[in-house]
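Engineer: If you scroll down you'll find the structure; I have some questions about it.
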Amino acid sequence: MEEKPLFGALTVYRERGAHLRRLEQFEKAKASYDEAFKSASEDVRTLTGRSQVCSDAVQPVQAYSDAELALKLEPSNMIARNMQARAMYTMSDFERSVVMNYRGARVRRQPPYFTEGINQGIETIQDCIGVNAGNVMVDFLPLIKQSEVAIIDEHEPQKQSHISRIPHPESKRKLTQMEARKHAMLARVLAMKYLGPMAYDKFFLQRLAEDPRLQSANSKGSILLKNIVKEALRSLSERQEMLRTQRPYYTIKLSEKAESKHQNKYKEEILIREREIGARSAELLLKQIEKSLREKRIMDLMSYAERLQTFLDSKTPRTLPDKEIYIDRLYRAVGEGYLSQHRLSYRLSERGNRRRIAFLMGLPIGRPTSFDSVLGNYPHKFIDVKQATAKVSTALEMCENSTMKCWLMYELARMLSTQKNYALAKFYAKRCQREAQEIGNATWWLNGLFVLMSGDMQQGNANEVRIQVEEAYEYSKKLQDPEQVQAFLSKCAEMVSDAVTADERKAIEQRQRQIVKIMDESQRVETQVLFKRMSTVPQGRRFSVLPQKQEGGELKSERRRRRQRGLSVIPGPEKTLAPAPKSNTPGFQIFDV
């Protein structure tokens, strides 16, 4: 059962392609012309029609090849000659396009396709090198000479004076924060100038190409979506490059310079107004940050700081001249907010203050609910730590402001310390201290030292912590109110000097593994069974070589039963309180109120 050939397939597919071309459905039109080409590969109308479709769809190479093939079959075909000239113009060969249009215009005056091609080509050439370019090329003369000097002939033999045996990897200079911002802004400006409203489609596709959500469990669908995004982005980029070749950017700048003085005055007024609004918004957010700092609300301070940083990222030194001053004020306040957490409270008990220090230094703390203000206002971030670390390190590479560098290095050291990467955390904390010492900021120096102390306290390095406490005690005298920080440091040194009690269950399991490891194969299984049976025995009756918790008083004591929720309990063995005295008179009791 073979499929019957379509009667008049050439005419059907060719006319269908022409109809779809008028409707600007170029892909379907090209597919119809391809079917017609399969039926008759030497039909001139099919070749010229497909050339028109490819020219409208900005595919100049195929349009030129189809027009050239049609001219070989019919040299006097003016439509094919016109398509060939259009394709040459689209491929940025403007001089050849003008020559071909002149030759066609001598043979056919109407319709004025060749005349329009002549005018368009001459205007483009004048925009590039002619009278319309004006004096703009004079501004680019040093850059042109510099690029000419930098050009090196690849075919010219170069003699190497010395060949090193040690391989040196090629190191590319990284862009600074200002240079990266200029490149990104220039790319957006060029897209807006040449693509118009389609520039927003290009920005969307660029974000979509890097979106991790594009990779899903449906692998085939993800591959299809990636290909669609890549093809659409490629088409837009080629169209922008083609338009930029036809009309260089300096001609656009020349036309902008030729604007009226009233429009320039209007733009200056808009810029002044934008600067005033930006300064007012930054001052308002800084006042909110200072208010949160006075009230010791660190979570609110960090939320306002993130809002201000997002606001400052959207501004340039032209729209906000005092941007660096606002960044310095912002991160000085953030540093003071972080440092204000390292304080003791006279309202808390000894156990409560120790628990606060353990929480700030990354040591394990108990499970019970706490009403501590530091624990409640600590700026938790429920995000992926590795992703946040990569983001902060990328921002640190591009950062130029010294105070912002201190904050980024502090954040990086703190996140690395939570990941147990103490060596790298120590490196960034030392860098934070060095940067703070260069700008004379004692606040960030102490913040970096607290990260160092946190890593050493988690590792149990008591001697290093004592040295750091002594160093910080002297450095804290540069602060206005050093009493709170000094009291906190003294309590840290006191906690380090105490014996640290580890988790009993983990210590018991580790000791059991060590005992089993040194035994013979015959006794190893029996010992493991013995340890398993011992785990069901109460702690007071276990084997004496195993570490065990000291027995305290009775758990069901009167003081534990009557204590209020959230209040501290005095550490140590608890003793049962004596019962309240009773009166001999029936019906009358003495209550302890």
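The values are calculated or read from the model by the stated rules, or taken from the named source; none is laboratory data. Because the structure is a prediction, the values reported are computed rather than measured. Note that each Cβ is placed from the backbone with ideal geometry, even for glycine, and that neighbours are counted across all protein chains shown. SASA here: full protein model, heavy atoms, side chains in, ligands and nucleic acids out. Shrake-Rupley method; radii C 1.70, N 1.55, O 1.52, S 1.80 Å.
Engineer: At Ile518 and Val12, where each label point lies 7 Å from the Cα along Cα→Cβ, what is the point-to-point distance in nanometres?
Structural biologist: Placing both labels 7 Å along Cα→Cβ, they lie 9.3 nm apart.
Engineer: Keeping the other protein chains in place, figure out the carbon and sulfur percent of the accessible area of the range 176-335, with a 1.4 Å probe.
Structural biologist: Details: 5950 of 10430 Å².
Roughly 57 percent of what the probe reaches on the range 176-335 is carbon or sulfur.
Engineer: Considering only protein heavy atoms and a probe of 1.4 Å, how much of the accessible area of the range 395-520 is carbon and sulfur, as a whole percent? Don't jump to the answer; show the numbers that get you there.
Structural biologist: Values: 3170 of 6690 Å².
Accessible surface attributable to carbon and sulfur in the range 395-520 totals 47 percent.
Engineer: Okay, moving on. At a probe radius of 1.4 Å, what is the per-residue accessible area of Glu42, in Å² to the nearest 10?
Structural biologist: Rounded to the nearest 10, the figure is 140 Å².
Engineer: Using a Debye calculation, one point per C-alpha and no hydration shell, please list log10 I(q)/I(0) for the range 173-300 at q = 0.09, 0.10, 0.18, 0.20 Å⁻¹ in order.
Structural biologist: The computed values of log10 I(q)/I(0) come out as -0.53, -0.63, -1.10, -1.17.
Engineer: Holding the Cα-Cα limit at 22 Å, pick out from Lys182/Lys315; Lys267/Lys315; Lys226/Lys386; Lys287/Lys426 the pairs that are longer than that.
Structural biologist: Values: Lys182/Lys315 12 Å; Lys267/Lys315 17 Å; Lys226/Lys386 25 Å; Lys287/Lys426 34 Å.
Correct reply: Lys226/Lys386; Lys287/Lys426.
Engineer: Fully extended, how many nm does the chain gain between Gln126 and Asn264 (0.36 nm per residue separation, minus their Cα-Cα distance)? Provide the component values of the computation, followed by the final result.
Structural biologist: Values: separation 138, 0.36 × 138 = 49.68 nm, distance 2.66 nm.
Full extension of this stretch gives 47.0 nm more.
Engineer: A follow-up question, please. Quick check on the range 404-536: take the gyration tensor over C-alpha atoms, sort the square-rooted eigenvalues as a ≥ b ≥ c, and tell me if it's rounded (a/c under 1.5), prolate or oblate. All intermediate terms of the calculation are to be shown ahead of the outcome.
Structural biologist: On the way: a/c = 4.18, a/b = 2.52, b/c = 1.66.
Prolate, because a/c is 1.5 or more and a/b exceeds b/c.
Engineer: Bins of 5 Å, beginning at zero and ending with the bin holding the largest distance: percent of Cα pairs per bin for the range 377-458, please.
Structural biologist: 3, 17, 27, 25, 20, 8, 1
Engineer: Net charge around Glu231, counting only other residues with Cβ within less than 14 Å of its Cβ (Lys, Arg = +1; Asp, Glu = -1)? Provide the component values of the computation, followed by the final result.
Structural biologist: Values: positive: Lys202, Lys226, Lys230, Arg234, Arg239; negative: Glu27, Asp201, Glu238.
Value of the local net charge: +2.
Engineer: If you average the C-alpha positions of the range 432-491 and of the range 43-101 separately, how far apart do those two centres end up, in angstrom?
Structural biologist: 76
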